[in-house]
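The structure appears right after this line, and notes come after that.
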Amino acid sequence: MIVVMNQGASPDQIDRVLSRVAELGYQAHPIRGEQRTVVACVGDERGKFRLQGLEVLDGVESVVPILKPFKLAGVEWKREKTVIAIDGARWGLDRRLTIGNNHLVVMAGPCSVETREQILESAEKVRRAGATVLRGGAFKPRSSPYSFQGLEEEGLKLLAEARERTGLFVVTEVVTPADVPLVADYADLLQVGARNMQNYALLKEVGKARRPVLLKRGMASTIKDLLLSAEYVMSQGNYDVILCERGIRTFEDYTRNTCDLAAVPALHELSHLPVVVDPSHGTGVRSLVAPMAKAAIAAGADGLIVEVHPRPEEAYSDGAQSLRPEEFEQLMAGVRRIALAEGRSIG
Ligand code: PEP
Ligand code: MN
């Protein structure tokens, strides 16, 4: 349910509503807008009719149900686009990044952090091409237990060194709830991978961390499933979620996955959260990455996450879909042209 307050509702009247919602056993999520405050009340759907009684409280204009199952991630509660800010002050960096609502972000780097030389060289090259966030997995969720599993904390330290040298922010994956505090100590954005999109214990844990979350769509998940997973994170009080389309499994086997670009405008219709596209996992084929990156921006994506490796033929993981640095430079030039044509800025 949403409690819509009157335009002139006083802080006391709003507080009274918040405490009454809590007494009824629901969580209150207020948005204090310039015009008015609206409060989403979420919790057990079965007893929600009891919230209707809040209508009689002073300062309340109306109490209306939220029709969609994703309450906080949807546009019924929040119409204005969510803009996520990342501040380098935490690391002594004089840099700030905003993501969403026409501020495009490009995250780039190798699939995995492999060696110090590899990650530092990758960081330098993607920064020069115009990326603002460095990607790289230190904890790798691999389909086979015999594949490279990542450098773990050593990898996180190397990412931190790359940030210090280049000023790039860092996005890296967390695969286990117990590792969230450790990864949050090093990362600017916490990545939840496709294989973990419905790992609800992990979603709740990243919801408690005070870091933005990059939530990748599961390979057999619907758009609704993705938004319900975002809801898990947001219901813990972490509203900074970036949705990521990274391709889904279909009968097509020429590509590794089918990159569902219709998901981009669909998610923008249903949700206020920023949406980025991963054309690397979305196609699995190096030559298809740049065309799909441009198509993603044209479809309205708020950014990209792209795999780039200085020597893809030597990569420990995902070499076949990783761009060489010069190919990434060309991708950036193409993406910039499309963004500029639409009056949107990158970085
Ligand atoms: C990755 O980003 O390297 C990764 C493992 O992605 P996904 O979870 O989308 O497969
Ligand atoms: Mn990968």
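The values are calculated or read from the model by the stated rules, or taken from the named source; none is laboratory data. Not measured: the values here are computed from a predicted model. Here the Cβ positions follow ideal geometry from the backbone for every residue, glycine too, while neighbour counts run over all protein chains shown. SASA here: full protein model, heavy atoms, side chains in, ligands and nucleic acids out. Shrake-Rupley method; radii C 1.70, N 1.55, O 1.52, S 1.80 Å.
May I ask for the Kirkwood hydrodynamic radius of the range 1-61, worked out over all distinct Cα pairs and given in angstroms to one decimal? Walk me through the numbers on the way to the answer.
Working: mean 1/r = 0.0880 Å⁻¹.
It is 11.4 Å.
Go through 274-280, 110-116 and give me the packing order, highest mean Cβ count within 10 Å leading. Walk me through the numbers on the way to the answer.
Working: 274-280: 27.9, 110-116: 22.1.
Ranked from most to least packed, the peptides come out as 274-280, 110-116.
On the protein heavy atoms, probe 1.4 angstrom, tell me the percent of accessible surface of the chain carried by carbon and sulfur.
Details: 7320 of 14670 Å².
Carbon and sulfur: 50 percent of the exposed surface of the chain.
Please compare each pair in Lys81/Lys140; Lys157/Lys224; Lys81/Lys294 to a cut-off of 30 Å on the Cα-Cα distance and tell me which ones are over it. Each step should come with its number before you reach the end.
Details: Lys81/Lys140 32 Å; Lys157/Lys224 36 Å; Lys81/Lys294 22 Å.
Exceeds cut-off: Lys81/Lys140; Lys157/Lys224.
Largest first and to the nearest Å, give the Cα extent of the range 187-284 along each principal axis.
In descending order, the Cα extents are 40, 25, 22 Å.
Would you mind giving the average projected area, over all directions, of the Cα convex hull of the range 142-218 in nm² with one decimal? Each step should come with its number before you reach the end.
Numbers: hull surface 21.1 nm².
Mean projected area of the Cα convex hull: 5.3 nm².
In Å, what Kirkwood hydrodynamic radius results for the range 38-97 from the alpha-carbon pair distances?
Numbers: mean 1/r = 0.0681 Å⁻¹.
This gives a value of 14.7 Å.
For n ≥ 4 DSSP H runs only, could you compute -39500 (n - 2.57) per run for the chain, divide by its residues and tell me the 222 nm figure to the nearest 500?
Numbers: 10 runs with 112 residues, N = 347.
After summing the helix terms and dividing by residue count, I get -10000 deg cm²/dmol.
Just report the Cα centroid separation between the range 167-198 and the range 220-241, whole Å.
That distance is 15 Å.
Evaluated at 37 °C with a viscosity of 0.692 mPa s, what Stokes-Einstein diffusion coefficient in µm²/s does the range 96-152 have when Rh comes from the Kirkwood expression over alpha-carbon pairs?
On the way: Rh = 12.7 Å.
D = 259 µm²/s.
Pairs of alpha-carbon atoms within less than 8 angstrom and 6+ residues apart define the contacts here; what relative contact order does the chain have, in percent? Before the final figure, lay out each step's value.
Numbers: 747 pairs, mean separation 54.5, N = 347.
The normalised contact order for the chain reaches 16 percent.
For the range 47-148, which chymotrypsin sites (Phe, Trp or Tyr not before Pro) pass both filters: DSSP loop (anything but H, G, I, E, B) and at most 15 other C-beta atoms within 10 Å? Don't skip to the answer; put the middle values down first.
Working: sites: Phe49, Phe70, Trp77, Trp91, Phe139, Tyr146, Phe148; in loops: Phe70, Trp77, Phe139, Tyr146, Phe148.
In loop regions of the range 47-148 (DSSP not H, G, I, E or B), the sparsely surrounded chymotrypsin sites (Phe, Trp or Tyr not before Pro) are Tyr146, Phe148.
What FRET efficiency do you get for Val56 and Gln27 if R0 is 25 Å and r is their Cβ-Cβ distance, rounded to the nearest 0.05?
Efficiency, from the Cβ-Cβ distance: 0.75.
With label points built 7 Å along Cα→Cβ from the Cα atoms of Leu182 and Asp225, find their separation and express it in nm.
Roughly 2.8 nm, to one decimal.
Note the angle between two axes, namely the Cα long axis of helix 116-129 and the longest principal axis of the Cα atoms of the chain, as a number of degrees from 0 to 90, rounded to the nearest 10.
70
Could you give the alpha-carbon Rg of the range 270-347 over 2.2 N^0.38 Å, rounded to two decimals? Intermediate values should be presented prior to the final figure.
Working: Rg = 12.9 Å, N = 78, 2.2 N^0.38 = 11.5 Å.
It is 1.12.
Among the chymotrypsin sites (Phe, Trp or Tyr not before Pro) within the range 246-347, which fall in a DSSP loop and have no more than 11 other Cβ atoms within 10 Å of their own Cβ?
Numbers: sites: Phe251, Tyr254, Tyr316, Phe328; in loops: Phe251, Tyr254, Tyr316.
Passing both the DSSP loop test and the Cβ count: Phe251, Tyr254.
Starting from the alpha-carbon convex hull of the range 1-140, give the projected area averaged over all orientations, in nm².
Values: hull surface 49.6 nm².
It is 12.4 nm².
So what's the Cα pair-distance distribution over the range 239-281, bin width 10 Å, in %?
Result returned by the calculation: 29, 49, 20, 3.
I need the Kirkwood Rh of the chain: take the reciprocal of the average 1/r across all distinct C-alpha pairs and report it in angstrom. Spell out each step's value before the answer.
Working: mean 1/r = 0.0480 Å⁻¹.
For the chain, inverting the mean 1/r across all distinct Cα pairs yields 20.8 Å.
Under a no-solvent Debye model with one identical scatterer per Cα of the range 211-344, what's log10 I(q)/I(0) at q = 0.11, 0.20 Å⁻¹?
So the normalised log intensities work out to -0.40, -1.17.
Give me the number: length gained by fully extending Leu93 to Leu67, i.e. 0.36 nm times residue separation minus the C-alpha to C-alpha distance, one decimal in nm. Intermediate values should be presented prior to the final figure.
On the way: separation 26, 0.36 × 26 = 9.36 nm, distance 4.31 nm.
So the extension gain works out to 5.0 nm.
Under a crude label model (7 Å from the Cα following the beta-carbon direction), how far is Arg79 from Leu340 in nanometres?
Placing both labels 7 Å along Cα→Cβ, they lie 3.5 nm apart.
So with the 1.4 Å probe, I'd like the accessible area per residue for the chain, rounded to whole Å².
Values: 14670 Å² over 347 residues.
Accessible surface, normalised per residue, equals 42 Å².
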